[in-house]
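The values are calculated or read from the model by the stated rules, or taken from the named source; none is laboratory data. Because the structure is predicted, anything quoted here is derived from the model rather than measured. When we count neighbours, we look across all protein chains shown, and the Cβ atoms used for this are built from the backbone with ideal geometry, even at glycine.
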Amino acid sequence: MRRTLLVLVLISSISLNAQEVNISMSTSYVSDVYVSMETGEVSTVDATDWHLAFDVRNPFSVAIRVNDGHGTTIKNYNNGDISAWDALDTTGFISWPALHNLTDSWDNGALNQSYSGDPSDFSWGYYTGDPLHDVVGDSLYIIQAGDSFKKFRIDKLDAGAWTFTTADLDGSNEVETTFGMGDYADRNFAYFNVVTNELIDREPASGSWDLVFTRYFGMTAFGPGATTGTLANSGVELIRVDGVNPDDAIYTDYTWTTDNIGLVGNDWKNLNMEFVWEIVADRTYFVKNAAGDVYQVTFTSFGGTGTGDIAYNVELISGSSVGEINGVTDMVVYPNPTVSGNLNVRIETTKATQASLEIYNVTGQIAHSTNVNLSAGVQTLNLNNASLNAGTYILKISTVDGENVRPLIIR
């Protein structure tokens, strides 16, 4: 009885490690939702109040993105270069190709797509080199935002300061805007509304989120178009696993992707023949955040345009930076699952220097135990001699400060 009770208590504690997250992009997906794997929803913001986004990550950032998921259309002016600003002619505008962001990298914005291959050419402008080291705009654009049409040019990017100009097509209401990247510290992009000529600080701090649920231009079941999906923050690594039951997926069997922010994307859901959204059952994702913690994400429901509701399960798989629980202020255990039999352990507590480590099987029996010297930092434990069969175990760490538990999977 006591053994069964122990198992129930430990499993109850472990269940805190796996949670269902429910978010909402609202009806018609009018909200962007930024989420952290560790803390859940970080911020929900209006997705329709901006038209252009300017990269502010560092003084060498040159990306300019467009809100192409919410009806903003931008086209390169085909009847002349930037010198045609005062004599703009929109003849043939309807047939000009629209520019779109790519979903492989935040660097590949809509206005970065037509570069010539010259390393000094950033599509919207060119790098001047010595002595100024700035980027000067050389292209003219027309933006359609709802019923409004604007002409737009980037004047320059100089020492981390963006300067650009907007005006009505006839030249009226011309406005020059300048802002420094330092005005948007800890952000990836600064946003701009071309109708109101307002800069918008809408993004949460770049270090606070891992994924954003948003609407963007991409491939859908019906061809290219606006779609709802998920993009990853810079520095986040991803793995996508197909054709495997999510319960059986092991991230160590795959290679991390660092150059595709749209790997999670939009196809974790399908519209069936009855036009009802279904979740792809044999698809799951692993997300490694900037701290190196690995989480498994499996989608469970999608409400579509009627609600914008999305649900997914997220589970810490390897490594953690936990808040203080029973005196154990930080506990990292990796790799988990372990396939080599080696387990790396680092434990920090408020005052303890020694800890006991016990591994329980699903019946509540101690399958292995050892002592850990906390002052030694990360220690590698060899479990190959512990006679542990492949399966799920419960790892319990005990110190004079208290105890903590973690699921452990051995393959």
Report task. Note down all Cβ pairs under 6 Å where the first residue falls in the range 376-401 and is touching a residue at least 12 places away in the same chain (Cβ under 8 Å), the second is in a helix (DSSP H, G or I), and they're at least six residues apart or on different chains. Result -> I394/L10
Query - Positions within the range 340-361 being modelled with pLDDT under 75 and among the aliphatic types (A, V, I, L, M), in sequence order - result: I347, A352
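Tell me the strands (runs of 3 or more DSSP E) entirely within the range 202-256 that contain at least 1 residues that are touching a Lys or Arg at 6+ places or on another chain (Cβ under 6 Å), touching a residue at least 24 places away in the same chain (Cβ under 8 Å) and more than 16 Å from W106 (Cβ to Cβ). Please lay out each step first, then the result.
Details: elements: 211-220, 223-232, 237-242.
Filter on the range 202-256 gives 223-232, 237-242.
Is it fair to say I325 is touching a strand residue (DSSP E or B) at 6+ places or on another chain (Cβ under 6 Å), of a type in the set (A, V, I, L, M, F, W, C), surrounded by fewer than 17 Cβ atoms within 10 Å (Cβ to Cβ) and at pLDDT below 85?
Details: touching a strand residue (DSSP E or B) at 6+ places or on another chain (Cβ under 6 Å): yes; of a type in the set (A, V, I, L, M, F, W, C): yes; surrounded by fewer than 17 Cβ atoms within 10 Å (Cβ to Cβ): yes; at pLDDT below 85: yes.
Here the answer is yes, as I325 does meet what is asked.
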Query raised in the report: Just a yes or no: is a residue in the range 186-197 surrounded by fewer than 17 Cβ atoms within 10 Å (Cβ to Cβ), within 16 Å of V56 (Cβ to Cβ) and outside the structural domain of A290 (by TED's automatic domain parsing)?
Result: yes
